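Any read-out appearing in this document is the output of simple, stated calculations on the displayed coordinates, not a laboratory observation. Note that the coordinates shown come from a computational prediction; the quantities given were computed from them, not determined experimentally. When we count neighbours, we look across all protein chains shown, and the Cβ atoms used for this are built from the backbone with ideal geometry, even at glycine.
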Amino acid sequence: MIPLKTFGIWGNTEKDSFWETLPKIVSWADENGLIAHLTTRILKDENCTDHTRPAITSKDDIGSLDFMLVLGGDGTFLSLARAMGHHQTPILGIHLGDLGFLAKVTKNDLFPRLTQVAAGDFILEKRMLAKATIQKNGDTIHHVALNDFVLSNGESHRMLTARVKVNNHLVGNYRADGLIIATPTGSTAYSLSAGGPIVTPKVDSLIITPSSAHSLTSRPLVVPADSSIALEFPDTDDSILFIADGQIHEPLDPSCKVEITKAKFDINLVDFEDRDYFQTLRAKMSWGTRGES
């Protein structure tokens, strides 16, 4: 692989640890002949002291870079994944948060890993995105998510009734506090806390998980990624809240219709040969242990 020369930095500018780490990465880039590009949000922040770096102003700017570096937790990673659009620029996450599954690198091994990436010594892991198409008041609205879409009755805290069809076949009416449609990446997030299964990233699928279901027969359902999941909201008078990746909030009325499918493009995550998915589960969730220290 040809050595990489340009990369962008996307980060959580509200974290002190971001501003502590940023100058170290920029210095490393200068010493190793790489050009670091910064988002306009970083460059305009009052904590930024170096305004000479090239600016990232658009999705196309991201698409022109060799890789993107994300400094923060999973929320920061999710915001970049949605901002990428169709671009396939590899993403490397640097973990600055509390509990995160998406970032592959910690501050302790940051520079050895960066050196590996710059030399092309890494592998790419494709992750699917989900796409939501919403019919609302005669308009069509689109959202994408790396983790999940969530529907609930919002502040009313009343039961949501969602009629679910898969490929035009009726699954049933889910009556629950909310309904989660997750990707395999999102299967370890909100869906898991609601009782959904863990699905490994290479299993292309969509997971339908009710949150606090009002019936013992309403169970999570895994369907192929090429499925079309159609949602309608009968017997619901309250407004509905649609949430993408826990960050984008879209109020809906009960007449709205939602279709969720696999997006036409994936994202590329930087990974390393000496790491594996189950290692992450063990480290983050004490997976498969029984109180061992």
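Computed values, structure above
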{"item": "Most to least packed among 86-92, 183-189 [average Cβ atoms within 10 Å]", "result": "183-189, 86-92"}
{"item": "Estimated dipole of the chain in Debye, rounded to 20 [Cβ of Lys and Arg +1, of Asp and Glu -1, Cα centre]", "result": "580"}
{"item": "When each of LYS44/LYS131; LYS44/LYS202; LYS104/LYS262; LYS5/LYS284; LYS136/LYS264 is checked by Cα-Cα distance, pairs over 28 Å", "result": "LYS44/LYS131; LYS44/LYS202; LYS5/LYS284"}
{"item": "Prolate/oblate/rounded call for segment 79-128, Cα gyration tensor, a/c under 1.5 rounded", "result": "oblate"}
{"item": "Relative contact order of segment 129-264, pairs being alpha-carbon contacts under 8 Å that are 6 or more residues apart, as %", "result": "31"}
{"item": "Alpha carbon centroid spacing (whole Å) that separates segment 103-132 from segment 30-79", "result": "16"}
{"item": "Relative contact order [Cα under 8 Å, 6+ residues apart], the chain, whole percent", "result": "18"}
{"item": "Distance from segment 147-199 to segment 246-289 (C-alpha centre basis), Å", "result": "14"}
{"item": "Segment 129-264, Rg to Rh (Cα coordinates; Rh as Kirkwood inverse mean 1/r)", "result": "0.92"}
{"item": "Taking the C-alpha atoms of segment 21-70, convex hull volume expressed per residue in Å³", "result": "83"}
{"item": "Segment 129-264 - charge dipole about Cα centre, Lys and Arg +1 at Cβ, Asp and Glu -1, debye rounded to 20", "result": "440"}
{"item": "Positive-end extreme of charge dipole, segment 1-140 - chosen from THR39, PHE77, LEU110 (charges on Cβ)", "result": "PHE77"}
{"item": "Burial order of peptide ranges 49-55, 30-36 (average beta-carbon count within 10 Å, highest first)", "result": "30-36, 49-55"}
{"item": "Nearest-20 debye value, segment 83-201 charge dipole, Cβ charges on Lys, Arg, Asp, Glu", "result": "320"}
{"item": "C-alpha long axis of helix 74-83 to longest principal axis of the chain, angle in °", "result": "90"}
{"item": "For segment 1-120: rounded, prolate or oblate by the Cα gyration tensor [a/c cutoff 1.5]", "result": "rounded"}
{"item": "Label of the coordinate-derived value, semi-axes √(5λ) of the Cα gyration tensor in Å, listed as (i) 36, 21, 17; (ii) 37, 26, 22; (iii) 34, 23, 16", "result": "(i)"}
{"item": "Antiparallel DSSP beta bridges within the chain, as percent of all bridges there, nearest 5", "result": "75"}
